[in-house]
1. Give me the three principal axis extents of the stretch 151-263 from the C-alpha atoms, as integers in angstrom, largest value leading.
2. Which loop-located chymotrypsin sites (Phe, Trp or Tyr not before Pro) does the stretch 1-88 contain, where loop means any DSSP state but H, G, I, E or B and the Cβ has at most 15 other Cβ atoms within 10 Å?
3. Reachable aspartates and glutamates from K352, Cα under 19 Å, same-chain residues fewer than 8 places away excluded?
4. Residue-wise, which Karplus ³J(HN,Hα) couplings in Hz belong to the stretch 12-26, taking 6.51 cos²θ - 1.76 cosθ + 1.60, θ = phi - 60°, and x for glycine or proline?
5. Order by neighbour count: V255, V70, V20, V323, fewest other Cβ atoms within 10 Å first, most last.
6. Once every Cα of the stretch 376-446 carries one equal point scatterer and solvent is ignored, give the base-10 log of I(q)/I(0) from the Debye formula at q = 0.13, 0.19, 0.22 Å⁻¹, two decimals.
7. Measure of size requested: the Rg and Dmax of the stretch 116-176, with Cα atoms as the atom set and Å as the unit; please supply both.
8. Could you please state, rounded to a whole Å, how far the C-alpha centre of the stretch 378-446 is from the C-alpha centre of the stretch 158-196?
Amino acid sequence: MSDIPQERRVLTAIPGPKSVELQARRTAAVAAGVGSTLPVFTARAGGGIIEDVDGNRLIDFGSGIAVTSVGASAEAVVRRASAQLADFTHTCFMVTPYEGYVEVCERLAELTPGDHAKKSALFNSGAEAVENAVKIARAYTKRTAVVVFDHGYHGRTNLTMALTAKNMPYKQGFGPFAPEVYRVPMAYGYRWPTGPENAGAEASAQAIDEITKQIGAENVAAIIIEPVLGEGGFIEPAKGFLPAIARFAKDNGIVFVADEIQSGFCRTGQWFACEDEGLVPDLITTAKGIAGGLPLSAVTGRAEIMDAAHSGGLGGTYGGNPVACAGALGAIETMRELDLNARARRIEEVMKGRLEEMRAKLPNGGLIGDVRGRGAMIAIELVKPGTKDPDAAATAALAKACHAEGLLVLTCGTYGNVLRFLPPLVIGEDLLNEGLDILERAFATL
């Protein structure tokens with residue numbers, strides 16, 4: 001745990017004068033296309049706190065977008081990565097390999113669902129992992145088509161932009177995109193026309209019908225889905241949807257890929273979100289929470305599928321960097337020692353309880369249309385009162401009010417109307433409740 005005091009402290013306006021000065025330098029030197037949720041410049045971070053250059057301490061409900069689940073300066077991550085830094089920073093695993101890469105792959109084989117023989121390949125980012133999963137699936141099946149879902153997000157490379165559903169800001173002006181990508185319906189319970197109780201069966205039937213008629217199952221290499229959708233709005237597919245899609249994939253020789261980049265590594269109260277309905281994916285992509293903040297990602301899956309790509313067909317200069325691998329071993333050590341799955345489930349209990357109380361206090365629920373998510377991956381969808389019309393403006397205003405009081409929150413959703421909460425799994429319950437107090441006051445100001 002970090003030695004940063006685990007207390008919120010607001011000494012200046014947010015952002016403060018030093019952050020404003022740095023923002024001017026940033027504007028002059030950094031491309032405008034690289035955005036920031038909150039232009040507060042970090043000096044230190046750890047536990048549930050981000051300390052900025054002005055000495056303000058913000059409660060962290062973002063974890064660097066689900067990355068610093070073990071905290072931003074976890075002892076085991078720092079210890080192992082520091083030791084590796086002193087030994088060597090890089091050799092390129094494809095030139096002269098090293099044990100850390102192998103050990104991370106061994107841990108992934110143990111932790112991911114299923115007791116079949118598994119292998120992994122390591123990369124740098126989530127988008128790289130997804131792109132390589134497609135390469136592997138195509139090599140294995142000798143097919144080309146890839147199926148994805150409404151509201152899905154899979155990355156910012158050319159292929160993963162094609163896989164991603166949301167145009168702005170991820171795709172606007174960046175085409176043309178990779179071909180042979182097909183999008184089908186998602187069981188979005190809150191917005192399903194006949195109600196959430198029907199969404200699983202109806203959406204899976206529609207999706208399978210579209211695949212069969214429009215693509216042909218025999219042409220599909222991979223079906224890729226987030227077991228809990230991230231950027232699309234923390235949507236939990238309605239029960240029954242994922243198993244039905246997985247069965248269809250198995251019956252038709254299609255590689256079923258679980259994109260667990262945001263939902264993996266204890267975030268939902270299980271090692272991986274697909275475990276909730278007993279899914280055993282053929283391939284699973286991971287990143288974000290894997291290495292305590294160091295850049296690392298992986299594709300893990302059935303050995304016979306992973307071995308389909310020819311020697312030299314997978315890799316990358318920095319993929320499985322030794323320092324990042326050391327960080328990953330430290331992060332996994334922390335997750336096990338602190339039982340961060342149990343911590344995530346407790347965070348869900350506290351957050352959902354408080355959020356439902358807030359909704360109950362508002363006439364007809366007020367702006368809060370839906371409270372959803374699992375573990376420490378919780379969200380509220382904001383709508384115009386009495387309707388399901390998305391209210392992106394209120395969402396932005398609510399986030400801004402929280403930021404001003406020293407609570408870092410993030411927004412997401414296809415319609416920009418979802419406030420998402422991704423606190424570090426090591427956050428203290430006092431900070432968790434204080435953050436929720438700030439959110440409740442922000443609702444009152446709206």
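1. 37, 32, 24
2. Counting only loop positions with at most 15 other Cβ atoms within 10 Å, the chymotrypsin sites (Phe, Trp or Tyr not before Pro) in the stretch 1-88 are F88.
3. D60, E236, D276, D370, E381, E429, D430, E434, D437, E440
4. Working through the residues one at a time gives 9, 4, 10, x, x, x, 5, 5, 4, 5, 5, 5, 5, 5, 4 Hz.
5. Arranged by neighbour count, lowest to highest, V255, V70, V20, V323 become V20, V323, V255, V70.
6. -0.36, -0.75, -0.97
7. Using the Cα atoms of the stretch 116-176, the pair Rg, Dmax is 12.9, 43 Å.
8. About 24 Å separates the Cα centre of the stretch 378-446 from the one of the stretch 158-196.
None of the figures in this text is laboratory data; all of them are computed from the coordinates on show. Owing to the predicted nature of the structure, the values given are computational and were not obtained by experimental measurement. Neighbour counts run over all protein chains shown; Cβ positions are idealised from the backbone, glycine included.
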